Amino acid sequence: MKKITVSAPGKLMLLGEHAVVYNKPCLVTAIDQRIRLTIEAINKPEFHLHAPEVAVLHNKKPMKEIGQGAIPKGAKFVEIAVKNILNFLAEKSPSAIDMRIPSGLKITTKSEFSSQYGFGSSAASAVCTIKALSELLKFKFTPEEIFDLSYKTILDVQGSGSGFDVAAAVYGGTIYFVTGGKTVDQLTISHLPLIVGYSGIKADTVTLINQVKEKADKYPQIIEGIYSEIEKIVNEAKVSLLKKDWQSLGELMNFNQGYLDALGVSNSKLSDIIHAARGGGAYGAKLSGAGGGDCIIALIPEKKRNTVEKAIKKAGGSVIKVKTNAEGVRVEDNVY
Ligand code: PMV
């Protein structure tokens, strides 16, 4: 029986969150903490899923019911991704698909990071599923096809999102990204002197997107104005990043944090950690992602790493060691 293991990286939003949902750019980097997914063809007409980190333990259902009925929260991204790729292939090459589809599938996932951090485990697991199943069925997908099917999966499951996390998982590296993959500009950078601080609070991305949407419905011109300012910040930040002008990049992160505060997605815990990082000597610091919790990022002079880490801990945050600019989705192992 065929068995394939793939892995995809998590991500950190650098600048541009929320505005990127509304046709603006953002900067995102892939991190060295990965999701691994193993897919196996089995003889029984059953779909098995074991994803312990999201509390899905040895789930089983008939293959023909994939994507139907009540799907546990943690299983949705993988199961809907399977449904989407099978539908896509059935349309693309109906004759080939019948010959290649195995009777059943068994999927196991394993994460190197907690799904509490907001490192994009949902997007990375959707991308792993599409990549692994396409390899198993021997359909060579382009990165764009993997992106499109994975992004469709995210929209099917959560209804909104820019796809920036999907792009990080597919392409890796550090990317200047516009909503839905309209622009995916891979930036050549070697390293990024960052510290990641976890707030200890789990944030719900969709809730925060909806909160910002309510504000935008009430104050359309003001919020549109904020998105435009964030766009300018992201565009300047891209230049600073490419020049390794950390001082300016840090200042731009601080501007971005000001606008995120204005959108109402920061909170006192995040603010405390951000201000502690700046006080400890960071060039700049901001929340990363939807806000409301999850992580902050601080851009630092290397000689200040210890001081900033201590300041983050003193403010109640914990430091998570990550390396940025990691490789995108890849096959780890296959057995035929
Ligand atoms: O919650 P996270 O870390 O996945 O980040 C969400 C970022 C948003 O811009 C708010 C949403 C999106 O899909 O771009």
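Which one of Ile274, Ile233, Ile226, Ile189 is closer than 19 Å to Lys314 by Cα and among the β-branched types (Val, Ile, Thr)? Criteria check complete, one pass: Ile274. Here Glu17 meets each of (1) more than 12 Å from the ligand (Cβ to nearest atom); (2) assigned to a loop (DSSP other than H, G, I, E, B); (3) at pLDDT 95 or above with one exception, condition (1).
Here are Asn84, Asn23: which of them is closer than 22 Å to Phe177 by Cβ and within 16 Å of the ligand (Cβ to nearest atom)? It would help to see each step written out before you state the result.
Details: Asn84 fails: within 16 Å of the ligand (Cβ to nearest atom).
Checking each option against the conditions leaves just Asn23.
Scanning segment 231-279 for residues that are within 15 Å of the ligand (Cβ to nearest atom), surrounded by fewer than 18 Cβ atoms within 10 Å (Cβ to Cβ) and outside any helix (DSSP H, G or I) gives Gly264, Asn267.
Taking first residues from segment 98-124 that are within 15 Å of the ligand (Cβ to nearest atom) and partners that are among the aromatic types (Phe, Trp, Tyr) and assigned to a helix (DSSP H, G or I), the Cβ contacts under 6 Å between residues at least 6 apart in sequence or on separate chains come to Ser122/Phe77. Scan segment 260-279 and tell me whether some residue there is closer than 22 Å to Ile189 by Cα, acidic (Asp, Glu) and modelled with pLDDT of 95 or more. Within segment 260-279 (the criterion being closer than 22 Å to Ile189 by Cα, acidic (Asp, Glu) and modelled with pLDDT of 95 or more), the answer is no, since none of the residues qualifies. Across segment 134-185, the qualifying residues are those that are of a type in the set (Asp, Glu) and crowded, with 17+ Cβ neighbours inside 10 Å, and the one among them that is modelled with the lowest pLDDT is Glu135.
Of everything in segment 189-223 that is more than 20 Å from the chain's Cα centre (by Cα) and surrounded by fewer than 14 Cβ atoms within 10 Å (Cβ to Cβ), the residue that is farthest from the ligand (Cβ to nearest atom) is Ser190. Residues considered: Ile85, Ile35, Ile31, Ile39. Of these, the only one that is out of contact with any Lys or Arg (no Cβ under 8 Å at 6 or more places or on another chain), buried (at least 21 other Cβ atoms within 10 Å of the Cβ), under 20 Å from Ile146 (Cα atoms) and of a type in the set (A, V, I, L, M) is Ile85.
The values are calculated or read from the model by the stated rules, or taken from the named source; none is laboratory data. Keep in mind the model is a prediction, meaning the values are calculated, not measured. Here Cβ is always computed from backbone atoms with ideal geometry, including for glycine, and neighbour counts include all displayed protein chains.
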